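The values are calculated or read from the model by the stated rules, or taken from the named source; none is laboratory data. Only a predicted model underlies this, so the values are computations on that prediction, with no experimental measurement involved. Every residue, glycine as well, gets a Cβ built from its backbone with ideal geometry; the counts of neighbours run over all protein chains shown.
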Amino acid sequence: MSNPRFPKVVKTESKPSNFCPGCGYGIILKILGEVIDEMEIAPRTVFGIDIGCNLLAWDYFNLDTAQTHHGRVTPMISGYKMSQKDSVVIGIAGDGGLYAIGLQSFIHTAHRNEPVTVIGVNNSVYAMTGGQSAPTTFDHEVTDTTPDGKFTSKKPIFGPEMLTEFADEKAFLARGSVNNIPVLKSYLRKAIETQLAGNFSFVEVISYCPTNWKTNAEATIDFSKKLESIYKTGIISGK
Amino acid sequence: MASKNTNNIITKQLLTGNEVALKGALVAGANFFAGYPITPTTEILSGWAKVAAKDKKLKFLQMEDETASGFAVIGALLAGKKAWTATAGMGHVLMQDPLALAESYRLPFVMYVGQRGGPSTGTVIYSQQELTLARYGGNGEGLRIVYAPANVSELYHYMQKAFDTAWKYRFPVIVLGDGYLSKTQTAVDLSEEVDVVKASPYFLNGQIKNMRNCFSTEDQLVDHLGFMFKEFAEASKEIVESESYRTADSEIVIFAWGSVGYAAKVAVVNLRNKNIKVGLFRPITMRPFDTKAAIKAVKKAKYIVIAESSAGHFGRIVRETLAQATDATYIRLYKPAEGITTEDIEEKILEVANV
Amino acid sequence: MENRVYKVLLAGEGGQGVQTIGHVLARAAFEQGLNVAYMPNYGVEQRGGVSLGYLQIGAGIIGFPKFSKADYIVNMRARAIERIIQYVDADTLYIYDSDLINNSELKNTNAQKLPIAATSTASSQLSPQIFNMILTGAIINELKVIERVYVEKALDIILAKKYKDKPQLRNFNKKALEIGAKLAKEAFSPVKKTSVLDSLDGNK
């Protein structure tokens, strides 16, 4: 395999990254890096990281970057953005960070229409702690904490759809997938543009977790397709 | 210190502790506040909202809870704002989460706390039960500075000083008041301005920083901690503050802090007029603790009276500090979640003096 | 002036204006150049709970925001009594609204009692809501250290907005302070003292 060409903003000295083989984070971060390069915003971009596998991205970019505690990336980047209006702030968190432990902050960030960009990675499990049930775990899905399959709630949490209740009409809410890079890239770009226009933006990304899904390459794609069948990709709100 | 001139009302204003905390922060250059309403410190939040509505340079966020408030403060600190918050009781508990991050990142996080009764929602009124939380809350080693003003005038001074200490040494600073201090309205001299160092941004300053609070191995964290311990110890030498009042010849030494510390000082004044050899040791920094001064204060002591509005948060520190230094008898005047008046202290001292 | 601090406990129910009296007296003392500390004290109820105010005024040093015994207590509600009884000693002067509280409810103390028919006097001569200013007039008459002119000044500052909307309120308050002082004086005049206390007690 030829050496993949990395975006300029990626910090080469801290490579290789610590993500598991086949993890979707590498794809998401690489695409995000391309968008940052193309928009030429690196000198004014601040990157915020939650807890979960995304914490491994603390030195992924040549960007000012701060990890927070679980669920707290949204208030941290909100405080930053309010203090530095001409900055671009991008926060990344998992489905646990945004839809469970950080849910109220996530909702209120949208509700206050904070001009920030949030990327939420949906792989239907708590990955870093070993594959426990997440708010996005679907009906019958077997996880570390639902060994017989999840039956308690047939309806998982649909993040961007939920936010339509709270977000400003100028906000951008979308769901992409690592299976469709060009579309995901267009969403990330649109999300940052929305922030630059002074509004909240959120992109959920369907991602891979072969380690906790216990899947090989082929089965990983199948699993992600299953997720896509539950969580419809597309623009949920905003133009 | 504020002026001792009680009649010069021209430079004085009639203000509550909450109003003074706000004014002190503003004079120190505070320009960002994020918080959540909680009695007895809500007037700081609403007071800030009012000044921020008039001055666009002052940023304000009313957040969804105290945890989020603290993390918003952290975001603002990274951007170089003199950011702060105010809280109490259960809010103080939640604030320990962002404070732990501020410790790890060495952020100049400033917070005023108006202690209220506990455990749980307790009362919205008063206590000295949040001392351990202020000193050692959070998962870690309590790498923060805790100032305890004794009255509203001192609050004005230490609120300003908190920003100086925080930005100079880059450790979180708590100004640990209480509900009575917050709500008491009294005359305050606002002419004093403490020199406060300038703020500077951590981010977007031409030097890229990748900051992490999570380490992969014990060794990495131990290195990080060791460095912080060393710097905390160095800084402590310059930061530590206490008041020893008439302790040199005292056979009875009162140990008290915060509002109770001031009640005790007035009691000492009154009792000295009755020729009772009593003195006061009052820590001003509750962390770091002025161990040397405390030991010196009990040289002649036969009795050490510990007065506090809790069942021993402070007493434990005192006894540990003085363990090797004195054979004096300890007398406890503990009134958990209740005020301790000057009269209470005088009565107790007279009882001890007449043994 | 004597180098001491006078301790005044104000008591009533949330919404009765307990805190207004406290703020007015604190402001008056401040304007007069006295040392002052005023601490409101109430529970979580926005309205209706027992509301207390700890006021310390004088030329001396004020220590803790609270005190153990009160030199003066002004009470406006019977149900506040269980909260204030611990602050009463032999030297306490207990001033109360005798229209709302029966004197016999403050039992087992040697404290001197000063009943003021604040509510009925306010209703018949001014307006019912103003009863707390009658009590304020009574307390400043007894307290001696605060001059009435500073209380009026304090009212001008604190009620500036209300006075602008309702200019007649200023005179009402002024009158109420005078009436309160007069009632206190009469109650304590050597001839009338016992009879007033007895007659008011007898009314209950």
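Just name the residue that is surrounded by the fewest Cβ atoms within 10 Å (Cβ to Cβ) out of those in the stretch B:100-145 that are under 21 Å from B:K198 (Cα atoms) and among the aliphatic types (A, V, I, L, M).
Taking the candidates together, the pick is B:L107.
Does the stretch C:69-91 contain at least one residue that is in a loop (DSSP other than H, G, I, E, B) and of a type in the set (S, T, Y)?
The answer is no, given that none of the residues of the stretch C:69-91 is in a loop (DSSP other than H, G, I, E, B) and of a type in the set (S, T, Y).
Among the numbered criteria (1) in a loop (DSSP other than H, G, I, E, B); (2) without any contact (Cβ under 8 Å) to a residue 60 or more places away in the chain, which single criterion is violated by C:P40?
For C:P40, the exception is condition (1).
Only one of (1) more than 30 Å from C:Q46 (Cα to Cα); (2) more than 9 Å from every other protein chain (Cβ to nearest Cβ) is not met by B:A100, so which one is it?
(2)
Would you confirm whether or not the stretch C:1-8 contains a residue that is in a helix (DSSP H, G or I), within 11 Å of chain B (Cβ to nearest Cβ) and modelled with pLDDT of 90 or more?
no
Taking the stretch B:238-274, which residues are within 30 Å of B:Y169 (Cα to Cα) and either without any contact (Cβ under 8 Å) to a residue 24 or more places away in the chain or surrounded by fewer than 24 Cβ atoms within 10 Å (Cβ to Cβ) (or both)?
Scanning the stretch B:238-274 gives B:E238, B:I239, B:V240, B:E241, B:S242, B:E243, B:S244, B:Y245.
Any idea how many residues of the stretch B:210-229 are away from chain A (no Cβ under 14 Å) and exposed (fewer than 14 other Cβ atoms within 10 Å of the Cβ)?
The qualifying residues number 7.
Being outside any loop (DSSP other than H, G, I, E, B) and surrounded by fewer than 24 Cβ atoms within 10 Å (Cβ to Cβ) is the filter; apply it to the stretch B:166-182 and report the residue that is nearest to the other protein chains (Cβ to nearest Cβ).
Only one residue fits best here, namely B:W167.
Which one is nearest to the other protein chains (Cβ to nearest Cβ) among residues in the stretch C:9-50 that are among the β-branched types (V, I, T) and surrounded by fewer than 20 Cβ atoms within 10 Å (Cβ to Cβ)?
C:V44
Please work out if C:I101 is modelled with pLDDT under 95 and within 16 Å of C:I134 (Cα to Cα).
yes
Could you grab me the full set of residues in the stretch A:181-235 that are more than 30 Å from A:K85 (Cβ to Cβ), over 18 Å from the mean Cα position of the chain (by Cα) and among the aliphatic types (A, V, I, L, M)?
Matches in the stretch A:181-235: A:A217, A:A219, A:I221.
Mind checking which strands (runs of 3 or more DSSP E) fall wholly inside the stretch B:275-355 and carry at least 3 residues that are surrounded by fewer than 19 Cβ atoms within 10 Å (Cβ to Cβ)?
B:329-334
Which one of these is among the small types (G, A, S), farther than 25 Å from A:T211 by Cβ and surrounded by 24 or more Cβ atoms within 10 Å (Cβ to Cβ): A:G79, A:G71?
Sole residue among the options that is among the small types (G, A, S), farther than 25 Å from A:T211 by Cβ and surrounded by 24 or more Cβ atoms within 10 Å (Cβ to Cβ): A:G79.
Could we say that B:Y126 is assigned to a helix (DSSP H, G or I), within 11 Å of another protein chain (Cβ to nearest Cβ) and among the aromatic types (F, W, Y) here?
The answer is no for B:Y126.
In the stretch B:1-21, which residue that is at pLDDT 95 or above and touching a strand residue (DSSP E or B) at 6+ places or on another chain (Cβ under 8 Å) is surrounded by the fewest Cβ atoms within 10 Å (Cβ to Cβ)?
Per the stated criteria, the residue is B:Q13.
What single numbered condition from (1) within 13 Å of chain B (Cβ to nearest Cβ); (2) basic (K, R); (3) more than 19 Å from B:T184 (Cβ to Cβ) fails to hold for C:K66?
(3)
Based on what the data block shows, is A:F6 surrounded by fewer than 19 Cβ atoms within 10 Å (Cβ to Cβ) and not in a helix (DSSP H, G or I)?
So A:F6 passes the test.
Can you find, within the stretch B:84-97, the residue that is nearest to B:K209 (Cα to Cα) among those that are under 17 Å from the mean Cα position of the chain (by Cα) and within 14 Å of chain A (Cβ to nearest Cβ)?
The selected residue is B:W84.
Output the residues belonging to the stretch A:67-97 that are of a type in the set (A, V, I, L, M, F, W, C), over 17 Å from B:L94 (Cα atoms) and more than 7 Å from chain B (Cβ to nearest Cβ).
A:V88, A:V89, A:I90, A:I92, A:A93
I'd like the full set of residues that are more than 8 Å from every other protein chain (Cβ to nearest Cβ) and either closer than 11 Å to A:S17 by Cβ or in a helix (DSSP H, G or I) (or both), limited to the stretch A:51-60.
Scanning the stretch A:51-60 gives A:C53, A:N54, A:L56, A:A57, A:Y60.
Kindly indicate whether C:L126 is touching a strand residue (DSSP E or B) at 6+ places or on another chain (Cβ under 9 Å), over 30 Å from B:P149 (Cβ atoms) and away from chain B (no Cβ under 14 Å).
No: the conditions fail for C:L126.
When both residues are 6+ apart or on different chains and their Cβ atoms are under 6 Å apart, which pairs have a first residue that lies in the stretch A:44-57 and is of a type in the set (D, E, K, R), and a second that is part of a helix (DSSP H, G or I)?
Here the result reads A:D50/A:V73; A:D50/A:G97, each pair linking the stretch A:44-57 to a residue that is part of a helix (DSSP H, G or I).
Taking the criterion of being more than 16 Å from A:E161 (Cα to Cα), of a type outside the set (A, V, I, L, M, F, W, C) and surrounded by fewer than 19 Cβ atoms within 10 Å (Cβ to Cβ), would at least one residue in the stretch A:113-124 satisfy it?
No, the conditions are met nowhere in the stretch A:113-124.
Any chance you could count how many residues in the stretch B:317-336 are away from every other protein chain (no Cβ under 13 Å) and touching a residue at least 24 places away in the same chain (Cβ under 8 Å)?
13
B:S153: surrounded by fewer than 21 Cβ atoms within 10 Å (Cβ to Cβ) and polar (S, T, N, Q), yes or no?
So B:S153 fails the test.
Hey, among the residues in the stretch B:23-52 that are under 20 Å from the mean Cα position of the chain (by Cα) and polar (S, T, N, Q), which one's surrounded by the most Cβ atoms within 10 Å (Cβ to Cβ)?
Among those residues, the one meeting the criterion is B:T41.
Select the strands (runs of 3 or more DSSP E) contained entirely in the stretch A:134-239, then report the ones holding at least 1 residues which are in contact with a Ser or Thr (Cβ under 9 Å, 6 or more places away or on another chain), within 17 Å of A:N123 (Cβ to Cβ) and among the aliphatic types (A, V, I, L, M).
Correct list: A:201-206.
Restricting to the stretch B:184-209, count the residues that are away from chain A (no Cβ under 14 Å) and surrounded by fewer than 24 Cβ atoms within 10 Å (Cβ to Cβ).
10
Looking only at the stretch B:69-79, count every residue that is facing chain A (nearest Cβ under 7 Å) and over 19 Å from the mean Cα position of the chain (by Cα) and tell me the total.
Number satisfying all stated conditions: 7.
Quick check: is even one residue across the stretch A:86-95 more than 15 Å from the chain's Cα centre (by Cα), on the phi < 0 side of the Ramachandran plot and among the hydrophobic types (A, V, I, L, M, F, W, C)?
Yes, because at least one residue in the stretch A:86-95 is more than 15 Å from the chain's Cα centre (by Cα), on the phi < 0 side of the Ramachandran plot and among the hydrophobic types (A, V, I, L, M, F, W, C).
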